[in-house]
Amino acid sequence: MKILQTIFNFLYEILLGCRHERLTRPFTLQQQTYKVCLDCGKHVFYSADTMKPLSGREVRRIHTRQASELKVVAVATPVSSLNRENNSRAIA
Ligand SMILES: [Zn+2]
């Protein structure tokens with residue numbers, strides 16, 4: 001009977017999502033606000049403005065917008081290593 005219960009829970013989660021009720025408080029990391037289910041670890045995304053759960057469509061739209069943003073990141077290059085390369089070329 002335990003196997004049937006496991007199969008039922010698996011199918012229930014696929015069709016209807018997580019049914020656990022033990023969730024963390026909403027928190028924001030890397031511009032995403034969500035709660036985490038303490039039983040299965042699933043993220044339940046929230047709107048930081050309305051503090052209501054987001055639909056799957058809204059979550060996909062936000063992820064698409066964040067993925068399409070152009071990010072410029074400065075790369076730190078040690079100056080001393082560049083000088084060494086230049087000196088070795090000058091000698092050779
Ligand atoms: Zn869960």
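Values quoted throughout were computed directly from the atomic coordinates according to the rules given, and no laboratory measurement underlies them. As the structure is a computational prediction, the values presented were derived from the model and not from experiment. Using ideal geometry, Cβ is built from the backbone for each residue, glycine included, and neighbour counts are taken over all protein chains shown.
Descriptive notes on the structure:
- Taking label positions 7 Å along the Cα-Cβ direction at both His20 and Leu4, the computed distance is 2.6 nm, reported to one decimal.
- Working from label points 7 Å from Cα in the Cα-to-Cβ sense, the Lys42 to Tyr12 distance is 1.1 nm.
- Here the relative contact order of the stretch 20-70, from alpha carbon pairs under 8 Å that lie six or more residues apart, stands at 21 percent.
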